[in-house]
Structures are given as structure tokens and as C-alpha cells.
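The values are calculated or read from the model by the stated rules, or taken from the named source; none is laboratory data. On a predicted model such as this, the values are computed, not experimentally measured, just so you know. Heads up, the Cβs are rebuilt from the backbone with ideal geometry, glycines too, and the neighbour counts pull from every protein chain shown. For the accessible areas, the whole protein counts, side chains as well, though only heavy atoms, and no ligand, DNA or RNA atoms are used. Shrake-Rupley method; radii C 1.70, N 1.55, O 1.52, S 1.80 Å.
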Amino acid sequence: MSISLSKGQAISLSKDNPGLSRVFMGLGWDPVKSSGGFLSKLFGGGAASIDLDASVLVFDSAKNEIDRVCFTKLKSSNGAITHDGDNLTGEGDGDDEVIRVDLSRLDAKAAHLVFTVNSFRGQTFNEVDNAVARLVDDTNQREICSYTLREQGAHTGVVMASLSKGSDGWSMTAHGVQATGRTVDDLVGVSKSVI
């Protein structure tokens with residue numbers, strides 16, 4: 001049964017999911033729907049497309065970035081992490097972008113994987129609804145946990161969640177930390193601050 005995380009909450013993945021080796025982080029969102037009438041739709045009201053970009057930054061235990069996967073680099077250096085591709089609209093149900101991780105093949109130095117979303121077009125999270133990150137066991141498609149971002153605002157990026165490796169295995173933490181930036185490069189500093 002999936003666990004719904006609240007902001008700042010962490011869970012042990014190894015304890016409840018022994019042998020967990022392949023996961024994916026599904027990130028989904030919807031454009032805010034306007035309730036405006038004909039003139040609102042005529043002059044740009046109504047639901048617009050939202051181009052958010054999901055990324056993962058990989059850090060070692062000293063918080064040095066050792067790799068990243070994003071819409072411009074769909075595979076990590078050793079192939080252990082892959083991005084399924086860019087969604088330019090946020091339309092439709094379910095995951096809009098998916099990042100797959102083979103935990104058993106990660107670089108031995110990888111200690112933290114920080115998952116972010118940012119608005120390449122500069123649209124703010126006031127225009128985003130139902131932003132959710134969900135971690136799924138990629139071997140059986142069972143959802144392990146999810147985190148729904150409830151806060152809207154004038155920010156253009158969010159550090160959604162992170163996976164961290166400790167002495168007792170992997171854990172996931174929900175963050176929901178607001179940031180400003182249109183690319184993953186702009187979110188490196190705030191990503192380091194959450195680990």
C-alpha cells in the first residue's frame with residue numbers, strides 16, 4: 001500500500017521493500033483551469049499548457065554533483081538513470097515525466113539523488129495544479145510512496161524529493177522546497193541545501 005508523504009517526511013525504502021533494485025520517479029502536474037467565460041478564453045484564459053521539466057541531480061556524500069539527468073541529457077554517464085522524455089504540456093492523467101533509476105547500477109559514489117521540477121518557459125507555480133511526485137517499484141509497478149505539492153506561488157522551480165543512501169539502505173524524503181530558475185542548473189544550490 002502506497003504511503004502519502006507530507007512535506008519534510010522521510011521513509012526507509014530498504015526496510016519495507018527488501019531487495020528493491022529498480023524504481024522510477026513519476027512527476028505529474030496539470031495546468032490550473034480557469035473558470036472564466038467566453039472573453040477569458042478568447043483573451044488567453046482557460047487552461048494553458050505547462051512545460052515543467054523533471055530532472056535528477058546526483059551528489060556524493062560530500063554534496064559534490066557527480067551526474068545529472070534532465071531533458072537535455074536523458075541518460076546518466078553509466079546508464080543507471082534514464083529519463084523517458086520531455087512533456088511540453090502537462091496534459092493528461094498520470095505521470096507527465098518519468099525518471100528511472102537502477103539502484104544496483106548507480107555509481108558507487110552516489111549518495112543522494114535529488115528530484116526537481118522547473119518551468120523552462122518561466123511559468124509560475126500559480127499556474128500549476130496537482131503537482132505530484134511518486135516513487136514506484138519498476139519491477140512490479142507498485143507505488144511505494146507519493147508526495148503532492150500543495151503550495152502554489154510565484155516560484156518557477158521546486159525540489160520535490162530526494163533519495164539518500166545511508167548505512168541501513170535507501171530512504172526517500174519529500175521536500176517541496178520552492179526555488180527560482182528555468183533550468184536544472186538554477187536548482188543545484190537549493191538541491192544541495194536539502195541533503
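For the chain, the mean residue ellipticity at 222 nm estimated from helices alone is -1500 deg cm²/dmol, where every DSSP H run of n ≥ 4 contributes -39500 (n - 2.57) and the total is divided by all residues, rounded to the nearest 500.
The label-point distance for LYS15 and LYS109, in a model that sets each label 7 Å from Cα toward Cβ, rounds to 3.1 nm. To put it simply, the accessible area of the chain at a 1.4 Å probe is 50 percent carbon and sulfur. Of the candidates SER164, SER21, SER55, which one comes out as most mobile in a Gaussian network treatment of the chain with C-alpha springs shorter than 10 Å? So, out of SER164, SER21, SER55, the one fluctuating most is SER21. Stokes-Einstein diffusion for the chain at 10 °C, viscosity 1.306 mPa s, with a Kirkwood radius from C-alpha pairs, works out to 94 µm²/s. Accessible surface computed residue by residue for the chain, with neighbouring protein chains in place and a 1.4 Å probe, gives 46 Å² per residue. The peptide list 152-159, 77-84, put in order of mean Cβ contacts within 10 Å with the highest first, becomes 152-159, 77-84.
Here is the link list: LYS15/LYS73; LYS7/LYS109; LYS73/LYS165; LYS33/LYS192. Which ones come out longer than 30 Å on Cα distance? Listed pairs above 30 Å: LYS15/LYS73; LYS33/LYS192.
For LYS63, the accessible surface of its heavy atoms amounts to roughly 70 Å² (probe 1.4 Å, protein chains only, rounded to the nearest 10). Placing a label point 7 Å from the Cα of LYS7 along the Cα-to-Cβ direction, the residues of the range 132-160 with a backbone N closer than 15 Å are 132-133, 147-160. For the Cα trace of the range 97-160, dividing Rg by the Kirkwood Rh returns an Rg/Rh value of 1.03. Once the chain from ARG182 to LYS75 is taken as fully extended at 0.36 nm per residue, the excess over their C-alpha distance is 36.5 nm.
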